[in-house]
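Q: Can you read through this structure? Questions will come right after.
The values are calculated or read from the model by the stated rules, or taken from the named source; none is laboratory data. Because the structure is predicted, anything quoted here is derived from the model rather than measured. No Cβ is skipped: glycine too gets one built from the backbone with ideal geometry, and neighbour counts run over all protein chains shown. The area values use the complete protein model at the heavy-atom level, side chains included, leaving out ligands, DNA and RNA. Shrake-Rupley method; radii C 1.70, N 1.55, O 1.52, S 1.80 Å.
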Amino acid sequence: MNRFDVSVYAIRRRAGRRRPFEVRWRAAGRSRSKSFITRRLADSYRAELVRAARTGLEFDPLTGEPIAWNLPAPATVTWYQEATAYTVTGRIWPRAPGPARPTR
């Protein structure tokens with residue numbers, strides 16, 4: 001199946017459900033759906049799917065969503081980790097006075 005062949009359908013209302021608004025689409029030869037509590041959330045998600053399909057993004061056959069949506073988040077480094085790495089690498093010690101240097 002072609003990972004670029006995507007069809008997004010209209011939002012379906014399912015009465016009596018906890019999440020009554022369902023977005024349905026077909027990607028990589030499989031039908032997919034995702035339910036939402038409000039119509040606005042469903043419409044926003046559907047619009048993102050349509051935008052991804054129009055721009056030619058490749059869809060993942062496992063999740064049915066664009067592959068670009070599932071990229072890992074960039075690694076976050078805390079200030080403490082940065083400061084520790086800075087002092088351990090020795091960049092600060094050549095300029096520091098003798099008593100400020102750690103003894104080994």
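Q: For region 1-37, what are the residues that are acidic (Asp, Glu) and open to solvent by less than 50 Å² (accessible area, probe 1.4 Å)? Show your work before the answer.
A: Filtering region 1-37 for residues acidic (Asp, Glu) gives 5, 22.
Result: GLU22, single match.
Q: What are the pairs with Cβ atoms under 6 angstrom where one residue, in region 54-77, is free of Cβ contacts under 8 Å to residues at least 40 places away in the same chain and outside any helix (DSSP H, G or I) and the other, located anywhere, is among the charged types (D, E, K, R) and surrounded by 13 or more Cβ atoms within 10 Å (Cβ to Cβ)? Sequence gap at least six, or different chains.
A: The qualifying pairs are GLY64/ARG32.
Q: Out of the residues in region 78-90 that are of a type in the set (S, T, N, Q) and outside any helix (DSSP H, G or I), state the one that is most open to solvent (accessible area, probe 1.4 Å). It would help to see each step written out before you state the result.
A: Going through region 78-90, the residues of a type in the set (S, T, N, Q) turn out to be 78, 81, 84, 87, 89.
Remaining after also requiring outside any helix (DSSP H, G or I): 78, 89.
On the way: THR78: 70, THR89: 90 Å².
The qualifying residue most open to solvent (accessible area, probe 1.4 Å) is THR89.
Q: Just checking, which of ARG32, ARG40 is outside any helix (DSSP H, G or I), within 22 Å of the chain's Cα centre (by Cα) and among the basic types (Lys, Arg)? Steps first, please.
A: Working: ARG40 fails: outside any helix (DSSP H, G or I).
Among ARG32, ARG40, only ARG32 is outside any helix (DSSP H, G or I), within 22 Å of the chain's Cα centre (by Cα) and among the basic types (Lys, Arg).
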